[in-house]
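The values are calculated or read from the model by the stated rules, or taken from the named source; none is laboratory data. Everything quoted here is computed from the prediction, not taken from an experiment. Cβ coordinates were reconstructed from backbone atoms using ideal geometry, including for glycine residues, and neighbour counts include every protein chain displayed.
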Amino acid sequence: MLTKEQFHKKIASGVRFLDGATGSNLQKVGMPRGCCSEEWILSNPEKLVALQRQYASAGSQILYAPTFQAQPIALEKVNLHKQTEAINAHLVSLTRSAAPQCLVAGNLTTLAAFTESWDPDNFDLLVENYRRQIKGLIDGGADLLAAETLLYPQEAEAILTAAELEGAGAAMYTFTMQSDGSLFSGMDAGPVLRELEEAGAAGVGFNCVAADMMTPYLVSKLRRWVRGPLVCKPNAGNPVIGEDNLPHYPMLPNEFAEIMGQCASSGATLLGGCCGTAPEYIAALKASL
């Protein structure tokens, strides 16, 4: 795994491109909604590999391994918790096989769906879950960690603690936020991100925020606090529920790229997409910059 310094050296010369959504694109090729995506990918690896190859061809330089919810507390629902480390390692290796030229980020997320992750009494539970996942990500050869869609500072602190205990290197942290730059807990995001940087984060920022005209403002506001790499990975606009009862994202690739260009001008340096984005969004983004 790269150290923070090695990672910064690799991304030093300008903007770098992340990937886009994984889950919504896999649903288009057969993954059932609401299933354990990690379990489905293990049975359908070719679908994941094909998608990630498309992202690499579109210009993504950092791919997120499909380990979003591969923590023991989540995998227990499908009776795979005892295989946590092996599953994380295997999913990292799948992403590596799809695009050997890209950096591979081991993906982690909030545990709010499984426990009250804001509660200090649950901190040890969070650390233990993240430790087991991170061990597997390291065993699989991940270049860095990417914790995303975080809700509470306590989650980031638990991941930071687990990463230190497992001897992990570079790690990025992104929260889902409101357009005014506050976390959903009500805290101002800027000081939280600054604190994470000071604690050793290799990059900080946001994801799963609707890309609209407020997004460049949010980047600009966060840049006043953030000194290092700033991650910007928004959705393709606000979702609309269609007749199929599924969320649909109305923003076209060129519209997404235009707003992301403004985000880059406002100080974002690691650019990608979240819900509703696909390889063509990354291709449009790269072309526009």
Segment 247-275, residues that are of a type in the set (Gly, Ala, Ser) and assigned to a loop (DSSP other than H, G, I, E, B): Ser266, Gly267, Ala268, Gly272, Gly273
Complete set of residues in segment 95-121 that are in contact with a Leu (Cβ under 6 Å, 6 or more places away or on another chain) and part of a helix (DSSP H, G or I): Thr95
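Here is a yes/no grid of residues against (1) at pLDDT 95 or above; (2) in contact with a His (Cβ under 9 Å, 6 or more places away or on another chain); (3) under 24 Å from Ile138 (Cα atoms):
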residue	(1), (2), (3)
Thr174	yes, no, yes
Met187	no, no, no
Asn207	yes, no, yes
Asp212	no, no, no
Trp225	yes, no, no
Asn238	no, no, no
Asn254	yes, no, no
Breaking point among (1) part of a loop (DSSP other than H, G, I, E, B); (2) closer than 21 Å to Lys10 by Cβ, for Thr174: (1)
Identity of the residue in segment 207-232, touching a Cys at 6+ places or on another chain (Cβ under 8 Å) and in a helix (DSSP H, G or I), that ends up nearest to Gln262 (Cα to Cα): Pro216
Residue count, segment 134-165 (criterion: part of a loop (DSSP other than H, G, I, E, B), more than 19 Å from Thr84 (Cβ to Cβ) and touching a strand residue (DSSP E or B) at 6+ places or on another chain (Cβ under 6 Å)): 1
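Of the residues Ala268, Ala257, which is within 21 Å of Lys4 (Cα to Cα) and in contact (Cβ under 8 Å) with a residue 24 or more places away in the chain?
Just a single option satisfies the conditions, and that option is Ala268.
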